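The values are calculated or read from the model by the stated rules, or taken from the named source; none is laboratory data. What you see is a predicted model; the values in this text were computed from it and never measured. Here the Cβ positions follow ideal geometry from the backbone for every residue, glycine too, while neighbour counts run over all protein chains shown. Surface areas here come from the heavy atoms of the whole protein model, side chains and all, with no ligands, DNA or RNA. Shrake-Rupley method; radii C 1.70, N 1.55, O 1.52, S 1.80 Å.
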Amino acid sequence: MKSLPPIAFLLLLVSLPSCAIRQPSQLLPGVTYYDGPEKLTGTLTFLLQHDIRSTNSNSSASIYEFDLADKQLRKVTESPTGLFVPPEQGDLFCVVYGPFDPSGRGNTNAFIYAEATRQSRIVRLESAPETTIISGGHVFFRLEDPHGKRLIDYEFALDQKRPADFSDARWQKRSDAQSDYRAFNGSHIFFEGSGSPAQGFMLVSSPLSCFETEFQDPGGKKVKVLKRFSRLAALGGASYLLNHMSPDGHYAVVRLDEPTVPKTMEQSGWARTYYAVDVSTGKIRVLLKENVDHTTCGSMSGVWWAGSIK
């Protein structure tokens with residue numbers, strides 16, 4: 001077989017679709033981003049623990065954000081290791097962490113960092129929050145302890161912590177977004193099946209929520225199938241999860257969790273692939289893969305697609 005002349009080879013490359021010649025970008029050891037033809041905005045943000053065997057400290061981990069427009073990774077700040085709370089617009093970042101309390105209260109500290117002012121604060125709570133969300137310049141903590149169910153509002157600019165009402169619109173909007181996934185056109189996005197709405201193999205769109213669909217549209221006449229994922233993954237212990245929606249509501253972020261061989265016994269032993277599913281067309285592509293447990297002695301939180309404050 002004759003080889004192509006150099007000029008013919010170059011012409012062939014130029015004629016290929018741009019997505020065909022894009023190469024994955026390794027952001028960090030075990031973390032790879034996959035570019036695509038879409039013009040995406042916002043940031044992918046996550047917490048990376050440096051060494052899971054080390055004692056927790058104020059610099060045990062780092063918060064990163066990857067700008068989807070300029071394709072640049074940036075370390076936001078060092079932080080303790082703990083539960084990473086996804087930001088709303090990349091303005092405030094929060095990590096809920098220990099120290100462990102023998103009484104069973106668990107993680108009662110919150111590390112909060114403001115990117116605009118580059119200030120960080122430690123907020124101490126009476127008990128471990130069941131839910132933590134960021135909305136604007138506020139961090140809301142939902143507590144349930146001997147005092148009952150309570151909502152605490154921490155305003156970063158004033159460094160002030162005060163009781164809040166569950167009817168607060170900022171809390172409700174962000175809290176609802178974690179269980180009722182809404183697209184830009186108002187449609188509900190969810191997995192059908194026993195794990196609905198957040199886990200399954202058939203991702204769908206409907207003008208009704210998953211619960212309303214069950215009772216008001218049992219035949220699924222109003223349901224549009226966006227993507228059928230292979231059930232073969234479940235045979236190896238893997239699962240598909242609807243992680244969240246993109247800030248503009250045009251993409252559903254689906255995460256595939258697969259068991260892997262960790263580097264140390266302390267690690268969880270999971271590899272994760274994040275897919276972006278276009279909620280208008282059902283078109284899907286890989287967004288990011290992480291295999292930190294297998295590659296390093298560290299550990300990585302979930303990846304969240306946040307809005308940009310630029």
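Using a 1.4 Å probe, what is the accessible area per residue for the chain, in Å²?
52 Å²
Can you list the residues, at least 5 places off or on another chain, whose amide H is less than 5 Å from the amide H of residue 131, using H built in the peptide plane?
Close amide H contacts, sequence-distant or interchain: 142.
In Å, what Rg and Dmax follow from the Cα atoms of region 74-211?
Rg, Dmax (Cα atoms, Å): 16.8, 48.
Using the Karplus curve 6.51 cos²θ - 1.76 cosθ + 1.60 with θ = phi - 60°, what ³J(HN,Hα) values do you get for each residue of region 177-192, in whole Hz, with x for Gly and Pro?
These are the phi-based 3J(HN,Hα) values: 5, 7, 10, 10, 7, 10, 7, 4, 9, x, 6, 8, 10, 7, 8, 8 Hz.
For the chain, what % of the accessible area comes from carbon and sulfur atoms, probe 1.4 Å?
Ligands and nucleic acids excluded, carbon and sulfur reach 54 percent.
Modelled label-to-label distance, residue 167 and residue 278, 7 Å Cα→beta-carbon offset: nm?
4.4 nm
What residues qualify as long-range amide H neighbours of residue 202, i.e. H under 5 Å apart, gap of 5 or more or another chain, H built at 1.01 Å from N?
Here the answer is 192, 229, since their amide H atoms fall under 5 Å of that of residue 202.
Please compute the length gained on full extension between residue 41 and residue 234, using 0.36 nm multiplied by the number of residues separating them and subtracting their Cα-Cα distance.
66.3 nm
5 Å is the cut-off here: which amide hydrogens, built 1.01 Å from N in the peptide plane, fall below it relative to residue 184, excluding neighbours closer than 5 in sequence?
Residues meeting the criterion, in which the H sits 1.01 Å from N, are 250.
Full-extension gain between residue 199 and residue 308, please, as 0.36 nm times their residue separation minus the C-alpha to C-alpha distance.
Gain on extension, residue 199 to residue 308, equals 36.5 nm.
Per-residue ellipticity at 222 nm for the chain, helices alone: DSSP H runs ≥ 4 residues times -39500 (n - 2.57), over residue total, nearest 500 deg cm²/dmol?
For the chain, the value works out to -2500 deg cm²/dmol.
How high is the relative contact order of region 231-310, in percent, counting Cα pairs under 8 Å that sit 6 or more residues apart?
Answer for region 231-310 is 24 percent.
Could you pull out the GluC sites (Glu not before Pro) across region 24-100 that fall in loop regions by DSSP (anything but H, G, I, E, B) with no more than 16 other Cβ atoms inside 10 Å?
Those satisfying the criteria are 38.
Would you mind calculating the gained length between residue 266 and residue 116 on full extension (0.36 nm times residue separation, minus the Cα-Cα distance), in nm to one decimal?
50.5 nm
Please give the Cα centre distance for region 123-151 versus region 268-310, rounded to the nearest Å.
With region 123-151 and region 268-310 each reduced to a Cα centre, they are spaced 27 Å.
Pairwise over distinct Cα atoms, reciprocal of the mean inverse distance: report the Kirkwood radius of region 95-169 in Å, one decimal place.
After inverting the pairwise mean of 1/r, the radius is 12.8 Å.
Determine, at each q value in 0.20 (inverse angstroms), the log₁₀ of I(q)/I(0) that the Debye formula gives when each Cα of region 235-289 is one equal point scatterer.
Taken in order of the listed q values, log10 I(q)/I(0) reads -0.73.
Taking just the alpha carbons, could you work out the radius of gyration and Dmax for region 195-280, both in angstroms?
Spelled out, the Cα radius of gyration and Dmax of region 195-280 are 15.2, 49 Å.
Taking R0 as 51 Å, what's the FRET efficiency between residue 286 and residue 147 from their Cβ-Cβ distance, rounded to 0.05?
Once the sixth-power term is evaluated, E becomes 0.65.
In sequence order, what are the phi-derived ³J(HN,Hα) couplings for region 164-176 according to the Karplus relation 6.51 cos²θ - 1.76 cosθ + 1.60 with θ = phi - 60°, rounded to whole Hz, with x for glycine and proline?
10, 9, 5, 7, 4, 4, 5, 5, 4, 4, 6, 5, 5
Whole-Hz Karplus ³J(HN,Hα) for region 148-153, in order, using 6.51 cos²θ - 1.76 cosθ + 1.60 and θ = phi - 60°, x for Gly and Pro?
Karplus values, whole Hz, x for Gly and Pro: x, 7, 9, 10, 10, 10.
Along each principal axis of its Cα atoms, how long is region 140-249 end to end? Whole angstroms, biggest number first, please.
The principal-axis extents, from largest down, are 49, 34, 29 Å.
Take the Cα gyration tensor of region 16-95, multiply each eigenvalue by 5, square-root it, and list the three semi-axes largest first, rounded to whole angstrom.
In descending order the semi-axes read 28, 15, 8 Å.
Relative to the longest principal axis of the C-alpha atoms of the chain, give the angle of the C-alpha long axis of helix 6-15, reported between 0 and 90° and rounded to the nearest 10°.
Roughly 50 degrees between the two axes.
With a cut-off of 14 Å, note down the residues of region 161-198 whose backbone N falls inside the zone around a label point 7 Å from the Cα of residue 212 toward its beta carbon.
Zone members listed by number: 180-183, 185-190.
Can you tell me the alpha carbon radius of gyration of the chain divided by the globular rule-of-thumb value 2.2 N^0.38 Å?
1.10
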